[in-house]
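The values are calculated or read from the model by the stated rules, or taken from the named source; none is laboratory data. These numbers come from a predicted model, not from an experiment. Positions of Cβ are generated from backbone atoms using ideal geometry, with glycine treated the same way; all protein chains shown enter the neighbour counts.
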Amino acid sequence: MPVGRRTSSSPPAAVEDALKRLGRNIRIARLRRQLRIQDLAERMSVSRFTVADLERGKPGTSASAYFGALWSLGLLDHAHELAHPDRDEEGRVLESARAPRRAARPRRLDNDF
């Protein structure tokens, strides 16, 4: 089995929960706008089956379908906060641990003019 397929066929529980939550949120947004699945599918230029799959949080549904739904519903601006570098505490700690402890010694200039 290819490595990339494992996550989509049986993702970790946290990933599965996040996908279901996102799909549920997209469904609520669609219903609040009184759109049918077919209406959203037409706006996204996908099939109604794709919209139904993403609303169920199906792991095999592409990220572009999720982002397309957010765009179609006018919610894409909220997606810019996903994995934002300023909110990555672990990454910042690791980066600061690799930072040099002191400044590099300045190089002497060659006065050979």
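Observations on the model:
- Test result for residue 48, surrounded by fewer than 10 Cβ atoms within 10 Å (Cβ to Cβ) and free of Cβ contacts under 8 Å to residues at least 12 places away in the same chain: no
- Residue within the stretch 16-32 that is under 16 Å from residue 73 (Cα atoms), more than 18 Å from the chain's Cα centre (by Cα), charged (D, E, K, R) and modelled with pLDDT of 95 or more present: yes
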